[in-house]
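Notes to accompany the following structure.
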Amino acid sequence: MEVQYRVIRGHNRSYDEALRFRAGEQVKVGQRDAHWPSWLWCTVASGAGAWVPEQLLTFVDKMSKVVE
C-alpha cells in the first residue's frame, strides 16, 4: 500500500540559494548540527554557507594534496 501525505502548512526555504560545490573543492567546516549530528555547517570560498551531510565530505590534511 502506498503511503501518501498532505501538506498542512507552507514552508519557506531557509536560504535564497542552495550551496553548490564540486568534487575536489575545499570547504570550511564549522559546527555540527545538535539535532542532526551527521550534518555540518560548511562555507565555500564565496562566503556562502549551508548545512551539508557529512557523507559528502572527507578530511584533507593541509599538508597533503587532494587526489581525484
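The values are calculated or read from the model by the stated rules, or taken from the named source; none is laboratory data. Model, not experiment: these values are computed from the prediction. Note that each Cβ is placed from the backbone with ideal geometry, even for glycine, and that neighbours are counted across all protein chains shown.
Taking only the range 23-37 into account, find how many residues are in a loop (DSSP other than H, G, I, E, B), touching a strand residue (DSSP E or B) at 6+ places or on another chain (Cβ under 6 Å) and at pLDDT below 90. Number of matching residues: 1. Applying the selection to the range 39-68, what residues are surrounded by fewer than 10 Cβ atoms within 10 Å (Cβ to Cβ), polar (S, T, N, Q) and at pLDDT 75 or above? Those that are surrounded by fewer than 10 Cβ atoms within 10 Å (Cβ to Cβ), polar (S, T, N, Q) and at pLDDT 75 or above: 46, 55, 58.
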